[in-house]
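Data block below; observations after.
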Amino acid sequence: MKKIINPWRGLEDQGYNCFGCAPSNRCGLKMEFYEDGDEIVSFWNPSDDYQGWLHTLHGGIQSALMDEIAMWVIARKLQTSGMTTRLDIKFRKPVPTGPDKKIEVRSHIKEMKRNFAILDARIIYNGEICSEAEITYFCFPKDKAESDFYFHGCEVEE
């Protein structure tokens, strides 16, 4: 497993403050990502700051986690950027919050249809799938990703 280098790090002065992945967003998730074969994975500690019900991760935060990792699959595997056009989630089990909790968020491309990627994503706690999603992502042409979204490639650490 190799850590993915955040291609937008250093662009804070140009407005980079993503809720999902910006390391300096004080309210954000500060997710980091790893390439694991065909999948992208993030390990994340759901603090009680993100709960909906008592010690249970809010469904909107779960949605944001899976939406964010899908973008990182597009960035790393397709070397472009884009936008979510559909997010269909099944909440199967509660995701606990607290300082000693750690979850995995995983995603991979299931299918490509022209400029649309269909991805599977899931949140796993203690080896069990708690939530899963099918996400449709519109992938921008590489020149648009570069000119409009400052995307210049997504690499991994050595």
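As a fraction of the 1.4 Å probe accessible area of the range 3-94, surface on carbon and sulfur atoms comes out at 50 percent.
Highest mobility in the GNM of the chain, judged by mean-square fluctuation with C-alpha springs under 10 Å and restricted to 73, 41, 95, is found for 95. Phi angles across the range 141-156 convert, under the Karplus curve 6.51 cos²θ - 1.76 cosθ + 1.60 with θ = phi - 60°, into 3J(HN,Hα) values of x, 4, 5, 5, 4, 6, 6, 9, 10, 6, 8, 10, x, 10, 10, 10 Hz, Gly and Pro given as x.
Between residue 81 and 140, 145, the built amide H atoms are under 5 Å apart, and every one of these is 5 or more places off in sequence or on another chain.
Per residue, the convex hull around the alpha carbon atoms of the chain comes to 114 Å³. In this structure the range 15-158 gives 52 Å² per residue of accessible area when probed at 1.4 Å with all protein chains present. The alpha-carbon of residue 3 sits under 13 angstrom from the alpha-carbons of these aspartates and glutamates, leaving out residues fewer than 8 places away in its chain: 32, 35, 36, 39, 155, 157, 158. The spacing between the range 12-64 and the range 85-102, judged by their C-alpha centroids, is 11 Å.
Computed 3J(HN,Hα) for the range 57-65, one whole-Hz value per residue from the Karplus formula 6.51 cos²θ - 1.76 cosθ + 1.60 where θ = phi - 60°, is 5, 4, x, x, 5, 4, 4, 5, 4, glycine and proline marked x. Taking a straight line from the alpha carbon of residue 90, these lysines sit under 26 Å away, with near neighbours fewer than eight places off in the same chain left out: 30, 77, 101, 102, 110, 113. From most to least packed by mean Cβ count within 10 Å, the peptides 142-150, 75-83 give 75-83, 142-150. Taking the Cα centre of the chain as the origin and placing charges on Cβ (Lys, Arg +1; Asp, Glu -1), which of 14, 29, 112 is farthest toward the positive end of the dipole? Going by the Cα projections, it comes out as 112.
Residues whose amide H lies under 5 Å from that of residue 92, counting only those 5 or more places away or on a different chain, are 131, 132; hydrogens are built 1.01 Å from N in the peptide plane. For residue 5, the residues 5 or more places off, or on other chains, whose built amide H falls under 5 Å of its own are 155, 156, 157. In this Cβ point-charge picture (+1 for Lys and Arg, -1 for Asp and Glu), the range 21-123 has a dipole of about 280 debye about its Cα centre.
The values are calculated or read from the model by the stated rules, or taken from the named source; none is laboratory data. Computed from a prediction, not measured in an experiment: that's the story for all the values here. Note that each Cβ is placed from the backbone with ideal geometry, even for glycine, and that neighbours are counted across all protein chains shown. Only protein heavy atoms, including side chains, enter the accessible area calculation; ligands, DNA and RNA are left aside. Shrake-Rupley method; radii C 1.70, N 1.55, O 1.52, S 1.80 Å.
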